[in-house]
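Asker: Quick one: structure below, then a few questions.
The values are calculated or read from the model by the stated rules, or taken from the named source; none is laboratory data. Being a predicted model, the structure only gives us computed values, none of them experimental. Every residue, glycine as well, gets a Cβ built from its backbone with ideal geometry; the counts of neighbours run over all protein chains shown. Quick note on the areas: whole protein, heavy atoms, side chains included, nothing else; ligands and nucleic acids left out. Shrake-Rupley method; radii C 1.70, N 1.55, O 1.52, S 1.80 Å.
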Amino acid sequence: MVLAPLAAVPLAAGLSAGLILALRPLLQRYALARPNARSSHTVPTPQGGGIAIVLAVLCSVGAVLALRGAGLDALEALILAHATLALAILGAVDDIRPLPASLRLGVQAVVVAGLVMAVGGRLMPGVPVPVERAVAILAGIWFVNLVNFMDGLDWMTVAAFVPLTAALLLLGASGGLPFLPTLVAAALLGGLLGFAPFNRPVARLFLGDVGSLPLGLLGAWLLYRLAVAGGLAAAILLPLYYLADATLTLGRRLLRREPVWQAHRSHWYQRATDNGFPVIAVVGRVFILNLALAGLAGATLLWPSWPVTVLACGAGIALVASVLHAFARRRTIG
């Protein structure tokens with residue numbers, strides 16, 4: 001049980017790095033992201049590196065399941081693979097030629113709904129099933145998009161997803177998560193580690209929508225699986241910084257009647273760089289924050305009681321609020 005997911009980490013890392021090296025000339029030619037007023041980069045940089053992560057994850061998970069035998073996970077794994085590929089294709093097209101927001105949301109709704117139905121399970125037994133499923137689908141769509149929104153700085157997605165997937169891998173290795181999500185978390189961790197050297201500040205390669213959309217879907221599915229397994233508080237704590245930054249930013253823009261579907265530079269992490277924080281300082285703080293959130297999430301699973309859950313959630317909210325407050329203030333030097 002433990003060795004198979006662990007083997008997926010170096011396998012996916014090697015595949016991801018190798019595919020990036022093979023695809024970079026093609027991405028340099030056809031998928032160049034040119035800087036604009038809302039960009040965090042200043043020179044044209046190839047995007048689309050996320051396709052290497054997606055393929056590495058799918059190949060690694062497929063190889064392990066083929067050797068071990070998929071068993072009862074076969075149907076869910078197949079649906080997950082097709083859903084991931086669908087959003088990767090959607091993102092690839094959007095990277096080259098921007099698509100209407102309605103089309104993007106429509107495809108996302110279909111694939112998220114398919115995954116929610118495939119997982120099944122209950123989060124709120126007192127709530128009617130159709131209502132619970134609708135809430136889960138909306139939450140999944142939002143998570144897919146917020147990962148896309150937050151992927152606007154070198155290493156930002158790495159800083160968010162490496163602690164999250166590592167925590168889920170450790171949880172699965174200890175028997176707290178079923179085999180399939182443990183394996184997917186391990187493969188996603190490896191794929192991100194293979195991508196990280198190319199995306200470190202100053203990045204030589206961006207994730208692109210071809211990566212951020214399917215990564216958001218995989219992350220949403222992993223967190224939903226964790227919540228259904230009894231870890232709802234942990235599933236909220238693990239991505240709490242992403243949830244807070246993206247959701248509060250959306251709320252502020254709605255209140256100002258700004259077109260929320262257009263690109264902008266009003267996320268807290270973007271304001272931090274505008275306020276004088278170096279990129280490495282921003283992603284470093286986010287990484288450390290996410291490690292702390294992973295620890296708090298683990299506490300809710302190790303000691304499942306309402307006092308621990310309340311204290312962990314309160315501490316998580318306080319930590320996220322302190323980082324957002326720091327990012328919103330102009331950095332003083334000396």
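Asker: Give all pairs with beta carbons closer than 8 Å in which a residue from segment 116-139 that is closer than 18 Å to Ala77 by Cα and part of a helix (DSSP H, G or I) meets a residue that is open to solvent by 70 Å² or more (accessible area, probe 1.4 Å) and of a type outside the set (Ser, Thr, Tyr); count only pairs at least 6 apart in sequence or on separate chains.
Answerer: Qualifying pairs under 8 Å: Ala118/Leu75.
Asker: If we scan segment 98-117, do we find a residue that is open to solvent by 70 Å² or more (accessible area, probe 1.4 Å), within 28 Å of Ala13 (Cα to Cα) and of a type in the set (Val, Ile, Thr)? Walk me through it before giving the result.
Answerer: As a first pass, look at segment 98-117 and keep what is open to solvent by 70 Å² or more (accessible area, probe 1.4 Å): 98, 100, 102-103, 105, 110, 117.
Now restrict to residues that are within 28 Å of Ala13 (Cα to Cα): none.
So far as segment 98-117 goes, no, none of its residues is open to solvent by 70 Å² or more (accessible area, probe 1.4 Å), within 28 Å of Ala13 (Cα to Cα) and of a type in the set (Val, Ile, Thr).
Asker: Just checking, how many residues over segment 139-161 are more than 11 Å from the chain's Cα centre (by Cα), open to solvent by 30 Å² or more (accessible area, probe 1.4 Å) and over 20 Å from Ile236 (Cβ atoms)?
Answerer: Here the count works out to 1.
Asker: Report yes if Gly91 is in contact (Cβ under 8 Å) with a residue 24 or more places away in the chain, more than 17 Å from Leu218 (Cβ to Cβ) and out of contact with any His (no Cβ under 7 Å at 6 or more places or on another chain), otherwise no. Outline the logic, then answer.
Answerer: On the way: in contact (Cβ under 8 Å) with a residue 24 or more places away in the chain: yes; more than 17 Å from Leu218 (Cβ to Cβ): no; out of contact with any His (no Cβ under 7 Å at 6 or more places or on another chain): yes.
It is false that Gly91 is in contact (Cβ under 8 Å) with a residue 24 or more places away in the chain, more than 17 Å from Leu218 (Cβ to Cβ) and out of contact with any His (no Cβ under 7 Å at 6 or more places or on another chain).
Asker: All but one of (1) within 20 Å of Ile53 (Cα to Cα); (2) within 14 Å of the chain's Cα centre (by Cα) hold for Leu183; state the number of the condition that does not hold.
Answerer: Evaluating Leu183 over (1) within 20 Å of Ile53 (Cα to Cα); (2) within 14 Å of the chain's Cα centre (by Cα) leaves (2) as the failure.
Asker: Moving on to the next point. Looking at Leu215, Leu189, Leu193, Leu168, which one is within 15 Å of the chain's Cα centre (by Cα), of a type outside the set (D, E, K, R), modelled with pLDDT of 95 or more and within 27 Å of Ala328 (Cβ to Cβ)?
Answerer: None of the others qualify; the one that does is Leu215.
Asker: Let me ask another. The conditions are (1) of a type in the set (Gly, Ala, Ser); (2) farther than 16 Å from Thr157 by Cα; (3) assigned to a helix (DSSP H, G or I), and Ser266 fails exactly one of them. Which is it?
Answerer: It fails just one condition, (3).
Here is a yes/no grid of residues against (1) part of a helix (DSSP H, G or I); (2) open to solvent by 20 Å² or more (accessible area, probe 1.4 Å); (3) under 15 Å from Leu146 (Cα atoms):
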position	(1), (2), (3)
Leu193	yes, yes, no
Ala196	yes, no, no
Gly219	yes, no, yes
Leu248	yes, yes, yes
